[in-house]
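The values are calculated or read from the model by the stated rules, or taken from the named source; none is laboratory data. The structure presented is a predicted model; accordingly, all values stated were derived computationally and were not measured. So basically every Cβ, Gly included, is an ideal-geometry build from the backbone, and we count neighbours across all protein chains shown.
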Amino acid sequence: MSWMLPPSASTFAGDIDFLYYLILVITGVAFVVVEVGLIWFIIKYRSRPGRKAYYTHGSVRAEFIWTAIPAVTVVAIGILSAPVWTHVKGRFSAPADALIYRVTAKQFEWNFTHPGLDGTLDTDDDFTIRNRLHVPVNRPVLVRLVSEDVIHSFFVPAFRVKQDVVPGLNTQVWFEATRTGEFELGCAELCGLGHYRMRAMVTVHDADDYERWLASRATTTALR
Amino acid sequence: MATTAIPHEPVARTEHQELPFIRKYIFATDHKIIGIQFLIMSLLFLFVGGLLAMMIRWQLGFPETPMPGGTVLPETMAPGGILLPEFYNSLVTMHGTLMVFFAIMPLLVGVFGNYLIPLKIGAPDMAFPRLNMWSFWIAVPAGILMLAGFFVEGGHAAAGWTAYAPLSAKGEFSGVFAGQQLWLLSLAVLGLSSILGATNYITTIVNLRAPGMTWFRLPLSIWSLFITAILVLLAIPILSGAAIMLFFDQTIGTHFFDPTAGGQPLLWQHLFWYFGHPEVYILILPAMGMVSDIIANGSRKPLFGYHSMIYALIAIAFLGWIVWGHHMFQSGMNPTLGMGFMVTTMLIAVPSAIKVFNWMGTMWRGNIRFHVPMLHAVSFVAMFVIGGLSGIFMASTPVDIYIHDTYFIVAHIHYVLFGGSLFALFGAITFWYPKMFGRMMNVFWGRVHWFLTFVFFNLTFFPMHNLGVGGHMRRLYDPSEYEFLQPLAGTNRFITVSALLLFTVQIIFALNFVISLFKGKRAPENPWDDNGLEWTVPSPPPHGNFVTTPTVYRPPYEFSSPLVEEDHLPQDRDLGQKTDPASAPGTG
């Protein structure tokens, strides 16, 4: 049982993780203060014979302090969160040079349309693979999300990326992988009885490896 | 106007006309009986909802292992005792639905709204007693419709308690037809019951307060129920409307939420959460109010900052209308809108913090009596803090990208609804049980139940935060499908064992509740030395409550007042010429 986030693998994961740990520390302090305070009061002010409680209706000053501190804290968290949110999910946040993919989700599979050798989507060399996504490392990737039936959610924990895939709505999400390897992708929105096995793998290649993989892929497609 | 009703003094009561059994206990118009009817119904639903949770936990802790006793379920649910994924989805859906709509909400609003409002404001009954009877007898068919869904072909609704369209809108997507339709009908019918109840509560509190019971002499429980009733009146019609639209999508081919014919799936989410977030506060505000009553009583001190506690309730209720988008940060809603909803959501932490610190302020320099209701009320504060703090994680939109739809959310909602509302309810039931039934619940078993519930509650729900931090998605039939979730299997088993124990120890509460009805110590008029008007009448109070209308002289929390020898000063005690500074409270 850990409060540590699993290892990350995308450019903005660091920013999200920083906010998470910051909130973890702030709420951790608040948690300890309140719970210790409660326990201390429970012990110190427990009923004893002959005592009478201190008769008071409150204190405006104390209340002002404990209104102001949380207010300032949450506003600060909001101010720190805003730029990260805009960077990750803002409407025009995807880098202009991003490699564009399309994901078509349906019960219960992910179909990934890769842009092919020319790096452009919706050209003749595009190809589609079921439940596997191949992307190059250190290159922004923009994924256009399409659903054929119900709402699914595109979730790659290692990239700290999650975006619902809504039928009839063109959503998209971008990320830039920072290390090579295999990463799991899951559906995070209940989508029916096979929801739990709507799983895919993301393979992050280094630049050369990605080219080689694309080339080999092109030959197999040509042969078919 | 009546003169003072002095407590403890035996008063000769006029004989009430004896009603036939069916009018007295079945089709009752007495608010107290209706409250008790709601209590019995919602405790039964609480049990059923808990049972469903146990099945969910079994599947998560021990997938592919036959569930003990699971063979009694039909082949369509659990062949050989192993749950099917479609049944699992129904379980998840119905656990949430029953707990929210048929257990916690009626327990808070139906039971205590009915029972406490007339008694605490000094009224003989609700403003509309027959409307009140209807509000219960409309809730019953709603419950029957909801339970019927388990027995129809295709199984019960399986699109989650949030029923996201289009999964919920078209049977071919979920394999569920009649189940989802019954679900929608039931909620529409239940909505009518809630609306009738809310109308009655608002009218009663506005019009039937006893002489001297000014707005700022109302106990927090009544304030919170008043604000809750306003939320119910405004929020429930939105759900009813949305449910009827979805019902039409299912049955007569309208396409409100079907994108293939111009509908919009996000419209359902906006409607659902525009109702759903006020609903969240409907599920916690009355708990906060009753906890305020119990903590002041247990601490033997006036509630710290009585006025700001009321303003904080109003602020929460108001902000509750403009935060619904935080359920939809990752839904495809315009991300710029997400920023606005983040700000409002963060702000709601402020009145919540005021409440927590004021409860602590009430205990500060108190003379704390740890009766069983107080144990639960203090637990409420301790647990609500955790639920509030975990909310800050998901309010931060970037962090929400990662933890949205994970077990972190499940942990959060259970810390608020179980750690919060249900602990408050255990406290409230124990606190007002003597008034309801004329007998005390057993103290020893009450303490045992509180202690074991507190321990197993935390062992069950605290590790769910860690699951969420590990990326564990919600509503996942079999987490072992994912490699990255394999290391969390041990945590899942631990949670399951704790949850089974948590459920088991509730037997203590059930037995204590039932046995005390017959064997409990006879309750005096005022067993907790409280100040409220309900404690000036016999336990249980007669039909009509008060022989003479009480007059109220002061706010509800005058504990340890210097004016009197004893440490409580009932609201209706006339001190004559003695100055009563508390009748015009200066601070807070």
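Looking only at the stretch A:1-22, how many residues end up being hydrophobic (A, V, I, L, M, F, W, C), in contact with a Lys or Arg (Cβ under 7 Å, 6 or more places away or on another chain) and more than 9 Å from chain B (Cβ to nearest Cβ)?
Final tally of qualifying residues: 1.
Looking only at the stretch A:192-224, which residues are at the interface with chain B (Cβ under 9 Å from one of its Cβ atoms), under 20 Å from the mean Cα position of the chain (by Cα) and surrounded by fewer than 20 Cβ atoms within 10 Å (Cβ to Cβ)?
Answer for the stretch A:192-224, where residues must be at the interface with chain B (Cβ under 9 Å from one of its Cβ atoms), under 20 Å from the mean Cα position of the chain (by Cα) and surrounded by fewer than 20 Cβ atoms within 10 Å (Cβ to Cβ): A:197, A:199.
Return yes or no: is residue B:253 surrounded by fewer than 18 Cβ atoms within 10 Å (Cβ to Cβ) and in contact with a Leu (Cβ under 9 Å, 6 or more places away or on another chain)?
No: the conditions fail for residue B:253.
Of everything in the stretch B:290-315, what is in contact with a helix residue (DSSP H, G or I) (Cβ under 6 Å, 6 or more places away or on another chain) and among the charged types (D, E, K, R)? Give them in sequence order.
Listed by number, the residues that qualify are B:293, B:301.
Condition first: modelled with pLDDT of 95 or more and more than 25 Å from the chain's Cα centre (by Cα). Can you find one or more residues in the stretch B:39-49 that meet it? Quick ask: steps written out before the conclusion?
At the first step, the residues of the stretch B:39-49 found to be modelled with pLDDT of 95 or more are B:39-49.
Now restrict to residues that are more than 25 Å from the chain's Cα centre (by Cα): none.
Among the residues of the stretch B:39-49, not one is modelled with pLDDT of 95 or more and more than 25 Å from the chain's Cα centre (by Cα), which makes the answer no.
Name every residue in the stretch B:201-221 that is under 19 Å from the mean Cα position of the chain (by Cα) and of a type outside the set (Val, Ile, Thr), in order of residue number.
Matches in the stretch B:201-221: B:201, B:219, B:220, B:221.
Out of the stretch B:387-406, which residues are in a helix (DSSP H, G or I) and more than 7 Å from chain A (Cβ to nearest Cβ)?
Result: B:387, B:388, B:390, B:391, B:394, B:395, B:400, B:403.
Looking at the stretch B:507-524, can you tell me whether even one residue there is of a type outside the set (Asp, Glu), closer than 30 Å to residue B:213 by Cα and in a loop (DSSP other than H, G, I, E, B)?
Yes, there is a match, as at least one residue in the stretch B:507-524 is of a type outside the set (Asp, Glu), closer than 30 Å to residue B:213 by Cα and in a loop (DSSP other than H, G, I, E, B).
Given the criterion away from every other protein chain (no Cβ under 14 Å), surrounded by 23 or more Cβ atoms within 10 Å (Cβ to Cβ) and in a helix (DSSP H, G or I), identify the matching residue among B:502, B:452, B:417, B:467.
Going through B:502, B:452, B:417, B:467 in turn, the sole match is B:502.
Which count do you get for residues in the stretch B:73-109 that are among the hydroxyl-bearing types (Ser, Thr, Tyr), part of a helix (DSSP H, G or I) and out of contact with any helix residue (DSSP H, G or I) (no Cβ under 6 Å at 6 or more places or on another chain)?
The number of residues fulfilling the criteria is 3.
Considering only residues that are within 10 Å of chain A (Cβ to nearest Cβ), of a type outside the set (Ser, Thr, Tyr), out of contact with any Lys or Arg (no Cβ under 7 Å at 6 or more places or on another chain) and buried (at least 23 other Cβ atoms within 10 Å of the Cβ), which ones fall in the stretch B:302-331?
B:302, B:303, B:304, B:305, B:329
Could you grab me the full set of residues in the stretch A:67-77 that are facing another protein chain (nearest Cβ under 7 Å) and among the hydrophobic types (A, V, I, L, M, F, W, C)?
A:71, A:74, A:75, A:77
Can you tell me which residues in the stretch A:23-54 are more than 7 Å from every other protein chain (Cβ to nearest Cβ) and of a type outside the set (Val, Ile, Thr)? Don't jump to the end; show me each part of the working.
At the first step, the residues of the stretch A:23-54 found to be more than 7 Å from every other protein chain (Cβ to nearest Cβ) are A:24-26, A:28-29, A:32-33, A:36, A:39-40, A:43-44, A:48-50.
Residues satisfying the conditions are A:24, A:28, A:40, A:44, A:48, A:49, A:50.
Filter the stretch A:78-113 for residues that are more than 10 Å from every other protein chain (Cβ to nearest Cβ) and among the aliphatic types (A, V, I, L, M); which is surrounded by the fewest Cβ atoms within 10 Å (Cβ to Cβ)?
Checked the stretch A:78-113; the qualifying residue surrounded by the fewest Cβ atoms within 10 Å (Cβ to Cβ) is A:96.
Looking at B:384, B:431, B:423, which one is closer than 20 Å to residue B:106 by Cβ, within 17 Å of the chain's Cα centre (by Cα) and within 14 Å of another protein chain (Cβ to nearest Cβ)? Walk me through how you get there before you give the answer.
Details: B:384 fails: closer than 20 Å to residue B:106 by Cβ; B:431 fails: within 14 Å of another protein chain (Cβ to nearest Cβ).
Result of the check over B:384, B:431, B:423: B:423.
Out of all the residues in the stretch A:172-191, which are facing chain B (nearest Cβ under 7 Å) and either buried (at least 24 other Cβ atoms within 10 Å of the Cβ) or farther than 20 Å from residue A:107 by Cβ (or both)? Step through it out loud before you land on a result.
Here is the first cut: in the stretch A:172-191, the ones facing chain B (nearest Cβ under 7 Å) are A:184, A:186, A:188-191.
Selection gives A:186, A:188, A:189, A:190, A:191.
Just wondering, is there one or more residues in the stretch A:133-152 that are more than 18 Å from residue A:98 (Cα to Cα) and basic (Lys, Arg)?
no
Given the conditions (1) within 28 Å of residue B:392 (Cα to Cα); (2) more than 14 Å from every other protein chain (Cβ to nearest Cβ), which single one is not true for residue B:273?
Residue B:273 satisfies every listed condition except (2).
One residue is enough: does the stretch B:434-449 have a residue meeting the conditions at pLDDT 95 or above, among the polar types (S, T, N, Q), outside any strand (DSSP E or B) and farther than 30 Å from residue A:188 by Cβ?
Checking the stretch B:434-449: at least one residue is at pLDDT 95 or above, among the polar types (S, T, N, Q), outside any strand (DSSP E or B) and farther than 30 Å from residue A:188 by Cβ.
Counting only residues that are of a type in the set (D, E, K, R) and at pLDDT 90 or above, which one in the stretch B:1-38 is nearest to residue B:502 (Cα to Cα)? Walk me through how you get there before you give the answer.
First, the residues of the stretch B:1-38 that are of a type in the set (D, E, K, R): B:9, B:13, B:15, B:18, B:23-24, B:30, B:32.
Right, trim to at pLDDT 90 or above and you get B:30, B:32.
Details: B:30: 35, B:32: 30 Å.
This residue is B:32.
Can you confirm whether residue B:415 is among the hydroxyl-bearing types (Ser, Thr, Tyr) and touching a strand residue (DSSP E or B) at 6+ places or on another chain (Cβ under 9 Å)?
no
Does residue B:192 qualify as being farther than 19 Å from residue B:331 by Cβ and aliphatic (A, V, I, L, M)?
yes
If the requirement is being more than 14 Å from chain A (Cβ to nearest Cβ) and either over 20 Å from residue B:233 (Cα atoms) or surrounded by fewer than 24 Cβ atoms within 10 Å (Cβ to Cβ) (or both), which of these qualifies: B:85, B:68, B:106?
Sole residue among the options that is more than 14 Å from chain A (Cβ to nearest Cβ) and either over 20 Å from residue B:233 (Cα atoms) or surrounded by fewer than 24 Cβ atoms within 10 Å (Cβ to Cβ) (or both): B:68.
Cβ-Cβ distance below 7 Å, separation of 6 or more or different chains: which pairs start in the stretch B:523-540 with a residue that is small (Gly, Ala, Ser) and end on one that is crowded, with 24+ Cβ neighbours inside 10 Å?
Note: pairs meeting the criteria are B:523/B:434; B:532/B:120; B:532/B:219; B:532/B:556; B:532/B:571; B:539/B:434; B:539/B:435.
Anything in the stretch B:242-275 that is of a type in the set (S, T, N, Q) and closer than 20 Å to residue B:231 by Cα? List them, or say none.
First pass over the stretch B:242-275, keeping only residues of a type in the set (S, T, N, Q): B:250-251, B:254, B:260, B:264, B:269.
Within the stretch B:242-275, B:269 is the sole residue that qualifies.
Residues of the stretch A:143-158 being more than 26 Å from residue B:468 (Cα to Cα) and either within 9 Å of chain B (Cβ to nearest Cβ) or not β-branched (Val, Ile, Thr) (or both), which ones?
A:144, A:148, A:149, listed by residue number.
Which one of these is out of contact with any Phe, Trp or Tyr (no Cβ under 6 Å at 6 or more places or on another chain), at the interface with chain A (Cβ under 9 Å from one of its Cβ atoms), in contact (Cβ under 8 Å) with a residue 24 or more places away in the chain and assigned to a helix (DSSP H, G or I): B:354, B:409?
So the residue among B:354, B:409 that is out of contact with any Phe, Trp or Tyr (no Cβ under 6 Å at 6 or more places or on another chain), at the interface with chain A (Cβ under 9 Å from one of its Cβ atoms), in contact (Cβ under 8 Å) with a residue 24 or more places away in the chain and assigned to a helix (DSSP H, G or I) is B:354.
What pairs can you find where one residue is in the stretch B:478-498 and within 11 Å of chain A (Cβ to nearest Cβ) and under 14 Å from residue A:185 (Cα atoms), the other is in a helix (DSSP H, G or I) and among the aromatic types (Phe, Trp, Tyr), and their Cβ atoms are less than 7 Å apart, with a gap of 6+ or different chains?
Close Cβ pairs (under 7 Å, with a partner that is in a helix (DSSP H, G or I) and among the aromatic types (Phe, Trp, Tyr)) amount to B:481/A:196.
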